[in-house]
Each structure stands twice: as C-alpha cells, then as structure tokens.
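The values are calculated or read from the model by the stated rules, or taken from the named source; none is laboratory data. Remember, it's a predicted structure, so these values are computed and weren't measured experimentally. Neighbour counts are summed over all protein chains in view; Cβ atoms, including those assigned to glycine, are modelled from backbone coordinates with ideal geometry. Keep in mind that these areas ignore ligands, DNA and RNA; they rest on the heavy atoms of the full protein, side chains included. Shrake-Rupley method; radii C 1.70, N 1.55, O 1.52, S 1.80 Å.
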Amino acid sequence: TEATTGRGLYVGMTRGRDTNHVLVITATNDHAEARDTLDRILTIDRADIPATRQRQHLDHQSRHTPPLRPRCAIPDWFGQLHREAIASRDGLAAALSRQHHQRDRMATDLAALRAKYQTAQGAARPWDEPLQAARQARRDADEQLRTARRALERAGPLRRGRPRAELAAAIERQAVATERLSQLEAAAEPRLVERQQAATAVEQAERALRSFDVLNSMERYDERYQTVESLVHGLETWQTWATGRPLDTASLRDGITRLGSSARRDASALAATIRDWAHINHVELEPRTPTVAVHHDHSIGIDL
C-alpha cells in the first residue's frame with residue numbers, strides 16, 4: 001500500500017522460503033497505477049537517514065523530476081481490451097506449448113521406431129539373398145517340369161523312354177527346390193515378420209506426424225499468437241504514452257504499427273489518437289528521408 005516503505009518492502013521480499021510475490025492494493029485495475037505505487041515505495045529510504053539529508057534529497061527530486069502529465073484520457077473499455085488480449089495471448093501460448101510438446105513426443109517416438117526398424121532390417125537382411133536364390137530355383141524347377149511334360153506329350157509311343165526319365169528328374173528337382181524354399185521361409189519367418197511389423201509401425205507414425213502437422217497448420221496457433229502478442233505490446237506502448245511517461249519516437253512508431261495492423265477497430269482508434277496528438281504537437285513520427293542535392297552538368301564541352 002501507500003504506507004509501505006522501501007525497507008518494509010525489502011523485508012517482505014526476502015522472507016519467502018521458495019518464492020516471493022508482491023500484491024499491490026490500488027483503487028482501480030490499472031497496472032500503471034500499481035507500478036506507480038511500487039515506484040513511490042522504492043523511493044522511500046531507510047528511517048535512520050537524517051531529516052536534513054532527506055529533505056535535501058526530496059527537494060532535489062521535486063525540482064528535477066516533473067510530475068507526469070497524461071497525454072490522453074484512458075477510455076473505460078481499455079482495461080477490458082487489454083485483459084482480453086493478455087488472456088488470448090496466454091491461451092495461445094499454452095496451446096503452442098502443448099502442440100510443440102506433443103510433436104516432440106511424436107517425433108521422438110518416430111525416431112525410436114525407425115531405429116527399431118533398422119535393427120529388424122539388420123536381422124532380416126542375411127535371409128534376403130538366400131530366399132531370393134531359393135525362389136528363383138523353385139521358378140526354374142517349375143519351368144523345367146513344364147518343359148519335360150510337354151516333351152513327353154509330343155513324343156511318339158516308341159520314343160517316350162528318355163522324356164519319361166527327364167520328367168522324373170524334373171519332378172525330383174522341383175520337389176527338392178520346394179523343400180529347400182519351405183525350410184528357408186520357415187527359418188526366416190520370425191525375422192521377416194519382425195521387419196514387416198517394424199516397417200508398418202514406421203509408416204503409420206510418419207502418416208500420423210504428417211496429419212498432425214497439417215492440422216496444426218490449419219489451426220495457425222503460431223501466427224495467431226504473434227498477432228495477439230503484437231496487439232498486447234501495442235496496447236502497453238499506448239498506455240505508457242497516454243499516462244505521460246517518456247517514450248521515444250521509434251517506440252511510438254512501433255506502437256502505431258502494431259495497433260494499426262490489428263483487425264480490431266478499437267485498437268486502430270488508439271493508434272489514431274497518437275497520430276492526432278503528434279500532428280497537434282508537431283511531433284515527427286515518420287523518419288525523415290535524407291535528401292541529396294544532385295548537380296546536373298548539361299554542358300557538351302564547347303566553350304563560348
């Protein structure tokens with residue numbers, strides 16, 4: 001409160017076990033009034049300073065620190081607008097935080113699934129070449145069997161001895177190739193299934209991450225946060241200006257730009273008040289463009 005001294009504030013702010021919080025009692029909900037109260041408390045020195053020195057210090061302050069003169073009346077709806085903007089910004093910041101956390105977790109899970117797939121791929125790869133060779137051998141045996149059967153069908157009654165022998169050999173080769181392929185497939189199946197499951201899990205995780213990114217791009221959380229954060233900054237700049245606090249021209253230009261770019265008409269109206277004030281008080285808000293004098297020589301080298 002106004003009765004608190006700097007020493008009392010120091011004592012209160014150094015006694016917290018984990019954290020310290022300052023609550024300022026004001027007549028309104030204006031944050032600027034709370035800051036002014038804190039500023040006044042911090043200027044109250046310790047009680048053991050001699051009265052003469054304190055009087056000299058206060059006299060020096062009164063002569064060198066002019067009181068603030070408001071440049072503009074703060075409308076009744078400003079506080080509500082400011083609070084709504086802050087609440088919207090904080091809500092979007094929380095949504096962005098949740099979004100980033102969820103995406104990081106999904107990306108981490110995807111990386112783990114890819115690593116698992118690489119492990120499964122390493123375990124299954126030694127079976128790929130033998131299985132490919134066994135399947136090719138089975139296809140070759142099948143083709144040889146078909147060829148032997150056609151040869152037997154075309155052979156005459158007296159010339160079927162050799163075709164029958166070749167057919168029997170083809171049947172044997174086909175049975176051996178089939179058995180070899182079956183054994184390899186049975187031995188490799190656990191590794192092949194594990195690799196296929198790992199590949200499917202990676203594909204599903206990648207699809208989920210792409211869908212998540214598409215949905216987030218449609219929500220436009222980041223863009224909306226930047227817009228509202230710019231509005232909050234512009235409102236606080238305007239409040240600083242309206243209450244009479246010192247503010248450089250660059251900050252004024254930035255505040256006008258932020259308020260003017262907002263889709264809210266009340267924010268644009270606040271920017272207009274700064275422009276009107278600048279016009280009345282002959283304050284240059286736009287940076288001057290330096291002009292350079294250019295001399296054009298129109299002579300053509302003939303002396304008269």
Exercise. Looking at this structure, is Glu153 free of Cβ contacts under 8 Å to residues at least 60 places away in the same chain and open to solvent by 100 Å² or more (accessible area, probe 1.4 Å)?
Worked result: yes
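From the set of residues in the stretch 246-262 that are exposed (fewer than 15 other Cβ atoms within 10 Å of the Cβ) and in contact (Cβ under 8 Å) with a residue 24 or more places away in the chain, which is farthest from Trp77 (Cα to Cα)? Give the derivation first.
Within the stretch 246-262, the subset exposed (fewer than 15 other Cβ atoms within 10 Å of the Cβ) is 246, 248-251, 257, 261.
From what's left, in contact (Cβ under 8 Å) with a residue 24 or more places away in the chain: 249, 261.
Numbers: Thr249: 26, Ser261: 19 Å.
Within the stretch 246-262, the match that is farthest from Trp77 (Cα to Cα) is Thr249.
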Exercise. Only one residue in Gln118, Gln132, Gln102 is over 35 Å from the mean Cα position of the chain (by Cα), exposed (fewer than 14 other Cβ atoms within 10 Å of the Cβ) and either within 30 Å of Thr200 (Cβ to Cβ) or acidic (Asp, Glu) (or both), so which one is that?
Worked result: Gln132
Exercise. Quick one: is Arg288 over 31 Å from the mean Cα position of the chain (by Cα) and modelled with pLDDT under 90?
Worked result: yes
For this session: Please name all residue pairs, on different chains or six or more residues apart, with Cβ atoms under 9 Å, provided the first residue is in the stretch 108-119 and is farther than 18 Å from Val193 by Cα and the second residue is of a type in the set (Val, Ile, Thr) and part of a helix (DSSP H, G or I).
Result: Leu110/Val202
For this session: Working only within the stretch 119-147, note down all residues that are among the small types (Gly, Ala, Ser) and closer than 18 Å to Thr178 by Cα.
Result: Ala133, Ala134, Ala137, Ala141
Problem set entry | Candidates Thr273, Thr237, Thr243, Thr227 - the one that is β-branched (Val, Ile, Thr), more than 21 Å from the chain's Cα centre (by Cα) and either at pLDDT below 90 or open to solvent by 40 Å² or more (accessible area, probe 1.4 Å) (or both) | Thr273
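Does the stretch 188-224 hold any residues that are within 16 Å of Gln132 (Cβ to Cβ) and open to solvent by less than 50 Å² (accessible area, probe 1.4 Å), and which are they?
Here is the first cut: in the stretch 188-224, the ones within 16 Å of Gln132 (Cβ to Cβ) are 188-189, 191-192, 195.
Residues satisfying the conditions are Ala188, Leu192, Arg195.
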Exercise. Taking the stretch 135-150, which residues are surrounded by fewer than 17 Cβ atoms within 10 Å (Cβ to Cβ) and either touching a residue at least 24 places away in the same chain (Cβ under 8 Å) or over 30 Å from Val193 (Cβ atoms) (or both)?
Worked result: Arg135, Asp140, Asp142, Arg146, Thr147, Arg149, Arg150
For this session: Quick one: Val283 ticks every box in (1) modelled with pLDDT of 85 or more; (2) open to solvent by 20 Å² or more (accessible area, probe 1.4 Å); (3) closer than 27 Å to Asp36 by Cα except a single one, so which number is it?
Result: (1)
Exercise. Which residue pairs have Cβ atoms closer than 7 Å, lie 6 or more positions apart in sequence or on different chains, and pair a first residue in the stretch 231-245 that is at positive phi with a second residue that is not polar (S, T, N, Q)?
Worked result: Gly244/Leu68; Gly244/Arg69; Gly244/Pro70; Gly244/Arg71
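In the stretch 174-183, is there at least one residue being within 30 Å of Pro67 (Cβ to Cβ), of a type in the set (Val, Ile, Thr), surrounded by 15 or more Cβ atoms within 10 Å (Cβ to Cβ) and free of Cβ contacts under 8 Å to residues at least 60 places away in the same chain? Outline the logic, then answer.
Quick first cut of the stretch 174-183, residues within 30 Å of Pro67 (Cβ to Cβ) only: none.
No, the stretch 174-183 contains no residue that is within 30 Å of Pro67 (Cβ to Cβ), of a type in the set (Val, Ile, Thr), surrounded by 15 or more Cβ atoms within 10 Å (Cβ to Cβ) and free of Cβ contacts under 8 Å to residues at least 60 places away in the same chain.
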